[in-house]
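Asker: Okay, handing you the structure first.
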Amino acid sequence: MAKQLALVVGARPNFMKAAPLMAAVQAKGRLQARLIHTGQHFDANMSDVFFRQLQMAEPDLYLDIHGGSVNEQVARVILELDKEFTARRPDMVVVFGDVNATLAASIAANKLNIPLAHVEAGLRSFDREMPEEHNRIVADVLADYLFTPSPDADTNLAAAGIPPERVFRVGNIMVDSLLRFKPAAEQLAAWEAQGLTPGGYGVVTLHRPSNVDEQGALCGIVEALATIQQSTPLIFPVHPRTRARMADWGLLDALQASGVRLLEPVGYLEFVSLMTQAQFILTDSGGIQEESTVLGIPCLTARENTERPITLQMGGNRLVGNSPQGIVEGYRALRGQKAAPQQPDLWDGRTAERIEAILYEKLG
Ligand code: UDP
């Protein structure tokens, strides 16, 4: 009988990483995969739209766990996965990235002695204030198979004492989705519906706690956006967490009044479409730093550090912090500059195939 994988996802940035692996497993037909969605992101525009657009089947199991404290969520996911993995024991659990589902599923697999694979292993911001940093570290320590996107990740894992035979550099699985869906995204021309000119606007996303959960930081960023908007129109699909904080602190109206186009989070195709013709991107997202590198769109990252240093080395991304001065200066320094599309080693759209082959060999 074919060996069984359980892929666990929970939040937006997991979906574009799981979809290529589901597709590769199905295409080869020699392993079986069950997709489990913890429900951390459950809104239509943070979850459902991705399954549709990434052509991924509905989850086989939906746990519907959201709300409450992070500890409550993680604990409930562990309990539900314990039941699931006991009732239908998979041969391997596969987790992605650095979200709470990654942490919870890693612990559940480990405590049941089920082999664990971590896709996007080895990334480190070295910033212990970042909740995601702890999730990555735990997943990497518990994983038996660590699939890394870049040489810096291999170096981090070696420095953490992870035996090299557990580490497989396979490239960036998110790029599999990006390259597959870029033509459809370009055809969508999402900038047109927003009345924007190709090359004449900036795309903004923000959701990191250090930027949006601190009133001073968020006020400063809003001030910077209003300044930039005076010379370059900005489009800003607002993450639910960010919208809630902006509403709490009365910042939504001010930002709207400045002319920044505020949207609900948009689907993957719409977002990639907007990125392809942007003059620049201003973000604190991890994945968007990578996508902008591949697309060749200059990226200003509103953080002091990044777990994706390869995007800085490739030249298209720069860290501008979250002060209004830092962001506006970063924007001014960009004027007229273009970035070239980059393809770091193994960011070639075939990462999922490589992972499937390794998992098959190991489980076979
Ligand atoms: N994204 C999207 N719609 C949006 C904003 C982002 O489809 O309105 C996509 C983006 O293209 C990337 C992923 O969501 O593939 C990044 O997720 P997020 O920024 O939430 O998480 P992070 O990468 O920071 O973990």
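The values are calculated or read from the model by the stated rules, or taken from the named source; none is laboratory data. Here the structure is a predicted model, which means the values were calculated and not measured. Quick reminder, even Gly has a Cβ in these numbers, built from the backbone with ideal geometry, and neighbours come from all protein chains shown. The accessibility values were calculated without ligands, DNA or RNA, using every heavy atom of the protein model including side chains. Shrake-Rupley method; radii C 1.70, N 1.55, O 1.52, S 1.80 Å.
Let's see how each residue does on (1) open to solvent by less than 10 Å² (accessible area, probe 1.4 Å); (2) closer than 25 Å to residue 238 by Cα; (3) among the polar types (S, T, N, Q):
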position: 29; (1), (2), (3): no, no, no
position: 41; (1), (2), (3): no, yes, no
position: 47; (1), (2), (3): yes, yes, yes
position: 63; (1), (2), (3): no, no, no
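Asker: List pairs: first in segment 29-51 and farther than 24 Å from residue 72 by Cβ and more than 15 Å from the ligand (Cβ to nearest atom), second open to solvent by 30 Å² or more (accessible area, probe 1.4 Å) and in a helix (DSSP H, G or I), Cβ under 6 Å, 6+ apart or cross-chain?
Answerer: Partner pairs satisfying both residue conditions: 30/360; 31/360.
Asker: Considering only residues that are among the basic types (Lys, Arg) and assigned to a strand (DSSP E or B), which ones fall in segment 29-88?
Answerer: 34
Asker: Okay, next question. Would you mind stating whether residue 208 is within 16 Å of residue 284 (Cβ to Cβ), open to solvent by less than 40 Å² (accessible area, probe 1.4 Å), of a type outside the set (S, T, N, Q) and within 16 Å of the ligand (Cβ to nearest atom)?
Answerer: Considered against the rule, which asks whether it is within 16 Å of residue 284 (Cβ to Cβ), open to solvent by less than 40 Å² (accessible area, probe 1.4 Å), of a type outside the set (S, T, N, Q) and within 16 Å of the ligand (Cβ to nearest atom), residue 208 comes out as yes.
Asker: Something else: May I ask you to list the residues in segment 242-255 that are in contact with a Leu (Cβ under 9 Å, 6 or more places away or on another chain) and either open to solvent by 30 Å² or more (accessible area, probe 1.4 Å) or closer than 17 Å to residue 288 by Cβ (or both)?
Answerer: Residues satisfying the conditions are 242, 243, 245, 249, 252.
Asker: Give, as residue ranges, the helices (runs of 4 or more DSSP H) completely inside segment 256-349 that count at least 1 residues that are near the ligand (Cβ under 10 Å from one of its atoms) and open to solvent by less than 60 Å² (accessible area, probe 1.4 Å).
Answerer: In segment 256-349, the matching helices (runs of 4 or more DSSP H) lie at 268-276, 286-295.
Asker: Which pairs do you get when a residue that is closer than 15 Å to residue 93 by Cβ and of a type outside the set (Val, Ile, Thr), found in segment 139-151, comes within reach of a residue that is open to solvent by 10 Å² or more (accessible area, probe 1.4 Å) and assigned to a strand (DSSP E or B), reach meaning Cβ atoms under 6 angstrom, with the pair 6+ apart or on two chains?
Answerer: From segment 139-151, the pairs are 146/167; 147/168.
Asker: Out of curiosity, is residue 69 under 15 Å from the mean Cα position of the chain (by Cα) and among the polar types (S, T, N, Q)?
Answerer: no
Asker: Looking at (1) open to solvent by less than 40 Å² (accessible area, probe 1.4 Å); (2) away from the ligand (no atom under 16 Å from the Cβ); (3) in contact with a Pro (Cβ under 7 Å, 6 or more places away or on another chain), which one does residue 144 not meet, given that it meets all the others?
Answerer: So the condition that residue 144 fails would be (1).
Asker: Shifting gears a bit: So the check is Cβ under 6 Å with 6+ separation or different chains; which pairs have a first residue in segment 1-27 that's part of a loop (DSSP other than H, G, I, E, B) and a second one that's hydrophobic (A, V, I, L, M, F, W, C) and buried (at least 22 other Cβ atoms within 10 Å of the Cβ)?
Answerer: Cβ pairs passing all conditions: 10/99; 10/101; 11/99.
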